[in-house]
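Below: the structure, in structure tokens.
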Amino acid sequence: MKRFVLILLVICMLLSLCACGGKKDNPESSGNDGSKADITGCWELSSVATKAAVGGLTVSVYVDFVSGGSFTLYQKIGDGRYTKFTGAYVLSSDNKLSGKYDGGDNWGPYSAQISATSLVLTTAGGKEADTYTKVKAIPDAVLQNLY
């Protein structure tokens with residue numbers, strides 16, 4: 001009888017270990033479990049931790065990350081028009097985001113915390129973190145207000 005109970009306990013332990021090893025149930029995984037998070041889609045800059053001195057002007061940024069590794073960024077400083085930038089990006093398995101503009105300038109790397117609705121990009125030293133909010137598409141008002 002003791003042998004049966006011991007075998008039953010071992011089986012229960014093995015089953016409980018198998019049940020805990022699966023994928024997280026949270027659909028907004030930030031990839032912190034070692035999986036590569038999905039950054040594709042359109043994002044709007046919603047807050048910055050440190051404001052750069054741009055003469056006190058408001059900065060507006062939208063970025064569209066495409067699944068093939070390309071991006072389109074729209075930036076407006078002050079009341080002017082948006083400037084369009086394009087290039088390529090890489091999101092590594094440890095959620096480091098970096099890229100290169102088509103003109104040849106590199107950017108990043110940033111640590112990326114990604115959920116279904118927000119993207120937080122933190123500089124390597126952790127001194128600055130910019131938050132982007134997921135949007136359905138780049139607004140027409142942005143696309144119609146380009147240089």
Pop the C-beta distance of T117 and T58 into the FRET formula with R0 = 25 Å and round what comes out to the nearest 0.05.
-> 0.65
Once you list every other residue whose beta carbon is under 11 Å from the beta carbon of P109, what net charge do they have if Lys and Arg are +1 and Asp and Glu are -1?
-> 0
Determine the principal axes of the Cα atoms in the range 41-143, then give the extent along each, sorted from largest to smallest and rounded to whole angstroms.
-> 38, 30, 30
Based on other C-beta atoms within 10 Å, arrange S47, S115, S67 from fewest to most.
-> S67, S47, S115
By count of other Cβ within 10 Å, fewest leading, how are Y147, Y62, Y101 ordered?
-> Y147, Y101, Y62
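Taken together, the values in this text are just the output of simple stated rules run on the coordinates, not laboratory data. This structure is a prediction, so every number in the text was calculated from the model and none was measured. Neighbour counts run over all protein chains shown; Cβ positions are idealised from the backbone, glycine included.
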